[in-house]
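Comments concern the structure below.
Every read-out reported here was derived from the displayed coordinates using simple, explicitly stated rules and does not represent laboratory data. All values reported here derive from a predicted model rather than from experimental measurement. Counting neighbours? That spans all protein chains shown, and the Cβs are built from the backbone with ideal geometry, glycine included.
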């Protein structure tokens with residue numbers, strides 16, 4: 001009887017051990033994950049703003065940390081010499097326009113009438129010279145006058161003919177008007193003057209520095225009174241739209257993520273608060289995990305960079321801020337974010 005009891009006890013102990021082993025084995029098996037957690041930092045684009053023209057800064061209209069909108073005036077150069085250059089160019093254009101207008105209008109009726117009168121006068125003078133020369137020639141033939149007077153009458157006749165010819169040509173030119181070549185040259189000169197005027201207007205406009213996009217003034221590098229040059233930045237502008245988190249995913253998890261996949265972003269600066277986002281970019285090449293990324297994975301492991309766009313309506317997320325990105329793995333590509341603006345407005 002005792003042997004039977006002992007056998008039953010041993011059997012029960014063995015059965016319990018097997019059951020405990022199976023439980024421990026099943027409990028230690030890795031369960032399928034429902035989320036993927038990534039680590040990264042907020043990344044923003046920065047623009048170094050500089051004047052396109054050279055000059056002394058007249059005023060800066062923004063302070064560091066100030067929010068600006070696209071197209072907002074933020075700084076100005078002293079425009080005096082650029083305004084003078086534009087005024088001079090405008091005067092040159094006006095003068096050349098008058099010259100071209102005169103050429104296109106041709107000769108005035110009064111000028112043609114005056115030219116015709118000069119032709120009539122030259123013709124009358126020629127008629128007198130011809131009569132004098134005939135009488136002088138007859139007298140010279142009868143030897144009543146000297147040969148010198150005959151030669152003088154011949155010279156006067158030749159001069160009268162040349163004078164009539166010159167006035168006739170002047171009349172023809174007045175009737176025909178300016179040559180086409182002169183008009184074309186005047187028009188080309190006007191076009192050159194107009195191009196120079198546009199250049200001076202552009203240079204004057206370049207004395208005003210405007211924000212190329214909405215953002216936050218990060219740094220005032222120069223101050224009023226400083227000389228500005230095209231290669232010298234004046235202001236650093238942080239573009240906070242869009243904002244994204246730079247995160248990294250391992251090769252084993254790469255197949256679980258896709259562009260447009262929705263995400264939740266958390267920051268230690270705002271405990272308990274989450275920001276909506278989506279994957280906007282997945283790098284096609286692997287790289288080593290950056291040293292600044294806080295992760296439990298080995299930092300020498302090859303990973304793929306992700307750009308996770310974040311809805312940041314209150315501008316609470318700042319450049320370089322560490323964040324945690326959580327991705328639900330039960331998402332399907334049909335639910336991917338296709339309209340970022342509408343997605344952020346849903347908040």
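Residue separation of residue 287 and residue 43 scaled by 0.36 nm, minus their Cα-Cα distance, works out to 86.1 nm of gained length. When 254, 61, 38 are arranged by Cβ crowding within 10 Å, least crowded first, meaning fewest neighbours, the order is 61, 254, 38.
By the count of other C-beta atoms within 10 Å, a proxy for reagent exposure, 321, 227, 334 are ordered fewest to most as 334, 227, 321.
Spin-label model, residue 58/residue 213: points 7 Å from Cα along the beta carbon direction are separated by 2.9 nm. Compactness check for the range 57-101: Cα Rg over 2.2 N^0.38 Å is 1.93. Set the Förster distance to 25 Å, then compute FRET efficiency between residue 116 and residue 179 from the Cβ-Cβ distance, nearest 0.05. The pair residue 116/residue 179 has a calculated efficiency of 0.75. Between the alpha-carbon centres of the range 40-115 and the range 302-330 there is a gap of 44 Å. Between residue 319 and residue 139, the contour length at 0.36 nm per residue exceeds the Cα-Cα span by 53.3 nm. By the count of neighbouring beta-carbon atoms within 10 Å, fewest first, 217, 279, 99 end up ordered 99, 217, 279. Available extension along the chain between residue 258 and residue 270 is 1.6 nm, counting 0.36 nm per residue and deducting the alpha carbon span.
Taking a point 7 Å from the Cα of residue 194 along the Cα-to-Cβ direction, the residues of the range 79-104 with backbone N closer than 17 Å to it are 89-104.
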